[in-house]
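Chemist: Handing you a structure now.
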Amino acid sequence: MPRSAPHKFGFVGLGNMGLPMAHNLEKFLHDEGLPPLTLWNRTASKLPPPSKTLAHAESLEDLAKQCDVVVTSLANDEAARKVYDELFKGAKASPEGTIFVDTSTLYPTTCGELEREAAKIPHTAYLCTPVFGPPPLAKEAKLIIVLSGDTFAKRRVEKFLVPSMGRRVIDVGNNVERAAAFKLCGNGMIASIIELLAEQFTLADQTGVGAELLFEFVKEFLPAPSFLGYGKKILDNNFEGRTGFTSQGGLKDVTHVRNLAQSVGATLPALDAAHRHLVTSIAHGGSDLDWSSMVAGPRLAAGLQPFTGRKDHPRDTGFGARTDDDDGKGGLEPESVGGIKEVQNF
């Protein structure tokens, strides 16, 4: 690891999460009187223009040569392996060494492999540092940051993580694979919450209770951020992927969680259902939608449209309620939620 205090920082990966995190780190470094943040992104067109607080690296290898600390935010394990292969080449030529802070969500053994490769390079450390929170929280620097790896490397970078990019650090120790598993367990819980909301909101609409009314129960008895945030997305059919976590990314994470469970003989029935319904969402064009679009699975099974919750026929009852227009055309009412006007008698 670097033998002096971190001085020059780099950032790799400017996706939905990486870009706001990089902007916050850029501002923090400027306020601390440190050199500009150096950026690299696979799609160069997404790079913000150079300025007094931002610089561009010509290559990953060049970035690792220049920087004491490199933060990465990468889409998947394959991308991480490719990126770190180049970064490690640069670290070998770095006179002071490099600390790599990987905020990606990866499979535990991938993080273990990267840590072992980093350990072969003098004064170099790999920290598995996944984050919890959607892009809006990343923009507000309110992420929860999970920290793991070499103790001395963690001490050197922690003050640059909070409050610049997050509101709290959870240090899980030296084992980077533990941090990766921790992140997967957390994402598995969130996916299971979305699956629960998807199933029960669909049931509420089909029985005449209405998802809007059931959401009142959620607000009173389950007022946690995931229940409220994803419940509102499903209720409003607001599946904008750029402000959330895409179905494709969700499927990657859920697959990782299921593989992790299988490796230790654990069963995850709720997550198995979420996996099926993410596949359903993607099969119906929801790859770039927020992963709460997994509601497509329960809706289709109930005969509803996957992303609007409406029936095929405009005069059918269901999430898209029938209306009794005088013109007999049976147009849909403007409400996208709670459209059932007739409650079933049981």
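The values are calculated or read from the model by the stated rules, or taken from the named source; none is laboratory data. Just so we're clear, the structure is a prediction, and the values are computed from it rather than from any experiment. Positions of Cβ are backbone-derived with ideal geometry, glycine not excepted, and every protein chain shown enters the neighbour counts.
Chemist: Could you list, in sequence order, all residues of segment 223-233 that are in a loop (DSSP other than H, G, I, E, B) and within 17 Å of GLY186 (Cβ to Cβ)?
Modeler: Within segment 223-233, just ALA224 meets the criteria.
Chemist: Please identify the pairs in which a residue from segment 230-243 that is within 8 Å of ASP290 (Cα to Cα) has its Cβ atom under 9 Å from the Cβ atom of a residue that is of a type in the set (A, V, I, L, M, F, W, C) and not in a helix (DSSP H, G or I), counting only partners at least 6 apart or on another chain.
Modeler: The qualifying pairs are PHE239/LEU289; PHE239/PHE307; GLU240/LEU289; GLY241/LEU289.
Chemist: From SER192, SER247, grab the single residue that is buried (at least 21 other Cβ atoms within 10 Å of the Cβ), farther than 22 Å from THR109 by Cβ and among the polar types (S, T, N, Q).
Modeler: SER247
Chemist: A follow-up question, please. Is there a residue being in a helix (DSSP H, G or I), over 20 Å from GLY286 (Cα atoms) and among the aliphatic types (A, V, I, L, M) anywhere in segment 190-209?
Modeler: Yes: segment 190-209 contains one or more residues that are in a helix (DSSP H, G or I), over 20 Å from GLY286 (Cα atoms) and among the aliphatic types (A, V, I, L, M).
Chemist: With the checklist (1) among the small types (Gly, Ala, Ser); (2) under 29 Å from ILE121 (Cα atoms); (3) in a loop (DSSP other than H, G, I, E, B) in hand, flag the one item SER51 doesn't pass.
Modeler: (2)
Chemist: Is there a residue in segment 25-41 that is farther than 19 Å from SER164 by Cα and touching a helix residue (DSSP H, G or I) at 6+ places or on another chain (Cβ under 9 Å)?
Modeler: Scanning segment 25-41, I find at least one residue that is farther than 19 Å from SER164 by Cα and touching a helix residue (DSSP H, G or I) at 6+ places or on another chain (Cβ under 9 Å), so the answer is yes.
Chemist: On to the next question. Look through ASP62, ASP85 and report the one residue that is more than 20 Å from PRO108 (Cβ to Cβ) and among the acidic types (Asp, Glu). Let's see the steps before the verdict.
Modeler: Numbers: ASP85 fails: more than 20 Å from PRO108 (Cβ to Cβ).
Answer to the selection: ASP62.
Chemist: Take segment 145-159 and flag every residue that is surrounded by fewer than 19 Cβ atoms within 10 Å (Cβ to Cβ) and among the β-branched types (Val, Ile, Thr).
Modeler: Answer for segment 145-159, where residues must be surrounded by fewer than 19 Cβ atoms within 10 Å (Cβ to Cβ) and among the β-branched types (Val, Ile, Thr): just THR151.
Chemist: So, one more: Here is a list: VAL209, VAL254, VAL218. Which entry is over 16 Å from ARG299 (Cβ atoms), modelled with pLDDT of 95 or more and more than 15 Å from the chain's Cα centre (by Cα)?
Modeler: VAL218
Chemist: Another one. For segment 246-280, which positions are of a type outside the set (A, V, I, L, M) and touching a residue at least 24 places away in the same chain (Cβ under 8 Å)?
Modeler: THR246, SER247, GLN248, GLY249, GLY250, LYS252, ASP253, HIS256, ASN259, HIS275, HIS277, THR280
Chemist: Please go through segment 126-152 and give me each residue that is of a type outside the set (D, E, K, R), out of contact with any Phe, Trp or Tyr (no Cβ under 9 Å at 6 or more places or on another chain) and in contact (Cβ under 8 Å) with a residue 60 or more places away in the chain, ordered by number.
Modeler: Scanning segment 126-152 gives VAL131, PRO136, ALA138, PHE152.
Chemist: Something else about it: Considering only residues that are in contact with a strand residue (DSSP E or B) (Cβ under 9 Å, 6 or more places away or on another chain) and surrounded by fewer than 24 Cβ atoms within 10 Å (Cβ to Cβ), look in segment 91-111 and name the one that is modelled with the lowest pLDDT.
Modeler: That would be GLY97.
Chemist: Test each condition in (1) at pLDDT 95 or above; (2) of a type outside the set (Lys, Arg); (3) out of contact with any Phe, Trp or Tyr (no Cβ under 8 Å at 6 or more places or on another chain) for THR243 and report the one that comes out false.
Modeler: (1)
Chemist: Tell me which residues, restricted to segment 60-86, are touching a residue at least 60 places away in the same chain (Cβ under 8 Å) and of a type in the set (Asp, Glu).
Modeler: Result: ASP68, single match.
Chemist: Does THR129 satisfy being of a type in the set (S, T, N, Q) and buried (at least 18 other Cβ atoms within 10 Å of the Cβ)?
Modeler: Working: of a type in the set (S, T, N, Q): yes; buried (at least 18 other Cβ atoms within 10 Å of the Cβ): yes.
Taking the combined requirement at face value, the residue satisfies it.
Chemist: Against the definition (crowded, with 20+ Cβ neighbours inside 10 Å and more than 20 Å from the chain's Cα centre (by Cα)), how does ASP236 come out, yes or no?
Modeler: no
Chemist: Considering only segment 112-126, state which residues are of a type in the set (D, E, K, R), within 20 Å of LEU63 (Cβ to Cβ) and surrounded by fewer than 20 Cβ atoms within 10 Å (Cβ to Cβ). Explain how you work it out, then say what you get.
Modeler: Applying the first criterion (of a type in the set (D, E, K, R)) to segment 112-126 yields 113, 115-117, 120.
Going one step further and asking which of them are within 20 Å of LEU63 (Cβ to Cβ), we end up with 115, 117, 120.
Passing the criteria: GLU117, LYS120.
Chemist: Hey, does segment 74-89 have a residue that's modelled with pLDDT under 95, part of a loop (DSSP other than H, G, I, E, B) and either of a type in the set (Gly, Ala, Ser) or surrounded by fewer than 23 Cβ atoms within 10 Å (Cβ to Cβ) (or both)? Spell out how you get there, then give the answer.
Modeler: Quick first cut of segment 74-89, residues modelled with pLDDT under 95 only: none.
Within segment 74-89, not a single residue is modelled with pLDDT under 95, part of a loop (DSSP other than H, G, I, E, B) and either of a type in the set (Gly, Ala, Ser) or surrounded by fewer than 23 Cβ atoms within 10 Å (Cβ to Cβ) (or both).
Chemist: So in segment 20-70, with the set limited to residues that are in contact with a His (Cβ under 8 Å, 6 or more places away or on another chain) and surrounded by 19 or more Cβ atoms within 10 Å (Cβ to Cβ), which one is nearest to ALA153 (Cα to Cα)?
Modeler: ASP68
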